[in-house]
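Take a look at the structure set out below.
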């Protein structure tokens, strides 16, 4: 089993890596590229902690092979802030105490960003169903929903 | 210290909601959790686990694995020290089976290899010969004489005769003449309950990086609720001196009690020792479910007598808990907590623990209490239904208060139960109309809260900022609350303080982050350490002013002369004193270490509105309100967070979460797909009402908050479902098939 | 393991045929990667078919639609025309997994995974959908209902894979619906499910009905008696009761961690009733 | 002082016993002398509630003559 060379784009930057053909994108991001903001909670697509965008589409990076990143554009939590300026979702999560342990937070932020790109003015129910694949065990989701709604409102008025 | 018109302390920063110090790291992905660090030359550690619920390990042949290219170490139980202390030995044997595999997923060997692929192949190459033994996973079955014996000769001296050898522990609590009490009752309800084992379900799997060198020194990075406890356990299990092992706690991706002990850390150390290289071990999710510490599973009988006007005359409970394959004292907590909310003339609780072929129990938020209180609160609710009494009025009538002899012995000091019940009664939620097919459930909850060993250093920097060094991993925002208390005491802004969590070499021992102890104990130690630093700063000001140290006091972040006789000097702020500290005697630091007591018990009341789909048995939570006495809420947003998070874990426990074992004794649902924690779309907003009944044991009145909220949801939801369906529910979880079966049996 | 991403169907077919060991098709990967992670399958070759021409497109054809094998669930939900014509087919596909899984999962993959509980399959069966299969011997069309033959087993031969699924044209007053039961509101595998496809006449009388059930038998089951119970009715209570009874009678489920035989049998009838009402309303019937 | 129920069988069945002690440590020592059957449990760990306040380990917690003392199992949380 020889490794495969992959050329891709991550958070807007060109990236090359080699990976095993059966290696999940999650492992590539974490172990080969040092993007440990992408978290592994289950490895089977059941928790959403490893959420990233591939060509704008929200996916679990544990359910994508690294080799599938060839020619793709990938976005992770590490690419959300612009230099010193946090994304409105990131700031809202801090302001609303929408994280406790914080391990689900990167995945939820990436997922919420994808939601607001598609639907800038979601109902609470739409937020909850969109984020149903992102497990959070600390917050009971209440403050997460509020933070997403606050960020959405800010982004609409920006 | 300023007081308001009611004589309560007025706070400047405590009670505000500033941004948490670890917030930016966590929203940008920079925070480092257990699996996020690497070391040069690091190997991948993997663990081989028993596929059997109960089996004698006849032999383990590791030779083929050891011969594989890239395999650097293979270990079994032989690679650990001989441990004398029984409870530590249990932890060791839980980390690596010794002679017998006691549950599905029990570790039997481990490898360290140059890649995950090689490690995986090496596990396959290890040949284990098992002699499969009969198994038992049900607590009631395990207690019966003749049941398969999980471990022989583990019972303590107080276990009555006539049970299986699996029964390791017995306890009894209470006071008063129970028989006479029941004789006075107009109505007695007796009912038996069962609750399934649940898992804390933290999103971060256990992970650690161990590096041990040939001179016997080791460093261990791991996600844990208590690095000092990890050090104690690992040092014993490895036969090391504590000073040779430095443990650093990573950011922790949830614990809830489940990360208070060790599972993989000794294994990683043993692999690193043998391989002579750093070894990282990260559990997969199915390993987390199979081989970490779920809750006890229980079987409980409750009997309560009540007069027709709602006064409880006597109460009794028999509680049978199983903490898995090792002795477990959690039933003590259940038996003590079960009736804690009530002022009872006669009460008795009896508890037993039985061994089963399940993983060793670990703590989960208020360990032992949710199950017991679920059973008690269900029977109280049933009595209210039968006697047509308002369930809140009945609880108020019987509520424990200051001076009540608790069901577990001590007399209560200031407690917030009555205030909490009254707040619930006055709340619009309790009076909101219910739609057709909807019902309302409620329950009280209780937890003891603990203090414990605590050690804090507080360093005043020359630029007027302050570093607080504490030793308890922050699992819910405690660095923010510790900084708030330091700021309050010192009289400086919150953002001048940075609180960090020390490794085991940098600070004295701190107990595990458990028992809702951190904001209380570490906060108290921080306040004392700040006072220590303040004394020193007053001393420096006194020297500068040339007056007696006693003539200086600390007001609003500055040293000032105490009264007109002390002399007339302008106040010297903390920053001003710090700036000249090198010239006035050297660095300024405060310190405090103690074993904290007086944490102050905590009560909560939860209200839930729900509806049950009578054709499918599915329960939908419509509205949920948590009322809890938090003492002084230091950072209210994180107090709310504890209340909301605990409530939702309780909702999951009530409705869907359970360990499901097959007839073969193997765990059927070791993953988030079929171990069903609540998802966002299952829930409404969780409203919170914080009551602040000051804890007399803390200068700011702080009580523990984190555990009580998981207690009431079980019964609140069960009571709601029982009222919605007209059938009294008595088993958790109330999964749709179970509820539908009850509805159909009623006809 | 070898990974290949062929650019033509011929190349894909050849790769699959020539590999002596275990092969797997990679479309969305949401089942295959989980099975690989769990060690349930260790393929010698994975063929990623997402590079094949047209495989990610939905194309109008003969009044219906041809759905490429690599169209993700979320993309189906974003296709207005398909959603209007076959709303039940789309809602079945959209119920597979989380938003994240929706970004990857495919109907064809769901079908080939051959789980009795596959969410997208009952509505396809009720719709009379047809899979286009490509293999070493060329192209053949197979009824979707004939693809799965048992849990984890399909009728596809060595080297064959599904390139597209065709859902046919519909008369004006026709629609469908799919419902499943899960313990939570999301993230679960169906404990039981039902799809109902109806055609009505001008006065709201059911003229044709197909009912398919999931998770109550080794494969998704088309229940002809259940459809027959609705034909010639305006979906009155008696018809719905007959539907429910026919569905429950057709169940041959198992007891497992997700549900009991008793529960699944009961729920199948309940879901069929509810789905029939939705389909009827969507088709323009006045309930 | 009060003993929790399961200790009673090792203290001649009594729920309430009297010992001369001015600290928690003295309570434990006197109890172990008077009722050797309690020693295993004391070794495993006991907590003491003194006038309602729970002490888990504090040997030197002072006990006043009119204090209410309750012996309880050593408790742990999550």
(request) Could you quote the convex hull projected area for the protein assembly as shown, Cα atoms only and averaged over all directions, in nm²? (result) 50.9 nm²
(request) Return a whole-number percent for the relative contact order of chain B, with Cα pairs under 8 Å and 6 or more residues apart as the contact set. (result) 15 percent
(request) Starting with the highest mean, order C:180-192, B:145-157, B:440-452, C:111-123 by the number of other Cβ atoms within 10 Å, averaged over the residues of each peptide. (result) B:440-452, C:111-123, C:180-192, B:145-157
(request) Determine the shape class of chain B: with a ≥ b ≥ c the square roots of the Cα gyration tensor eigenvalues, call it rounded for a/c under 1.5, and otherwise prolate if a/b is greater than b/c, oblate otherwise. (result) oblate
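How big is the antiparallel share of DSSP beta bridges in chain B, given as a percent to the nearest 5?
Antiparallel: roughly 75 percent of the beta bridges in chain B.
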(request) Counting only C-alpha contacts under 8 Å and six or more residues apart, can you give the relative contact order of the range B:453-518 as a whole percent? (result) 43 percent
(message) Just to be sure I understand: of the beta bridges DSSP finds with both ends in the range B:552-709, what percent are antiparallel, rounded to 5?
(response) 75 percent
(request) Take peptide C:263-274, look around each residue's Cβ out to 10 angstrom, count Cβ atoms belonging to other protein chains, and average those counts. (result) 3
(message) Using Cα-Cα distances under 8 Å and only pairs 6 or more residues apart, what relative contact order does the range C:174-282 have, in percent?
(response) 31 percent
(request) Over the whole of D:51-61, what's the average partner chain Cβ count within 10 Å per residue? Rounded to a whole number, please. (result) 6
(request) Measure nothing fancy, just the Cα-based angle from helix A:105-118's long axis to the longest principal axis of chain A, in degrees from 0 to 90, nearest 10. (result) 80 degrees
(message) For a quick check: sort B:622, C:26 by the number of other beta carbons within 10 angstrom, fewest at the front.
(response) B:622, C:26
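Given the DSSP H assignment, sum -39500 (n - 2.57) over each helix run of at least 4 residues in chain B and divide by its residue total; what's the result at 222 nm in deg cm²/dmol, nearest 500?
Helix-only estimate at 222 nm: -8500 deg cm²/dmol.
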(request) Would you compute, for the Cα atoms of the range A:4-78, the largest minus smallest coordinate along each principal axis and list the three values in descending order, in whole Å? (result) 28, 23, 20
(message) Using only the alpha carbons of the range A:88-157, what is the convex hull's orientation-averaged projected area in square nanometres?
(response) 3.9 nm²
(request) Within a 10 angstrom radius of each residue's Cβ in B:396-406, how many Cβ atoms of other chains show up on average? Whole number is fine. (result) 1
(message) What would the Debye equation give as log₁₀ I(q)/I(0) for the range C:224-287 at q = 0.11 Å⁻¹, counting only Cα atoms as equal point scatterers?
(response) -0.27
(message) Please compute, over every Cα-Cα pair in the range B:76-146, the percentage with a separation greater than 20 angstrom.
(response) 48 percent
(request) Apply the Kirkwood formula to the range C:174-282: the hydrodynamic radius equals the inverse of the mean of 1/r over all pairs of different alpha-carbon atoms; give it in Å with one decimal. (result) 13.5 Å
(request) Could you let me know the centre-to-centre spacing of the range B:162-178 and the range B:1-64, using Cα atoms, in angstrom? (result) 36 Å
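Where a number appears in this text, it was derived from the coordinates with a stated rule and is not lab data. What you are looking at is a predicted structure, and each value in this text was computed from that prediction instead of being measured. Heads up, the Cβs are rebuilt from the backbone with ideal geometry, glycines too, and the neighbour counts pull from every protein chain shown.
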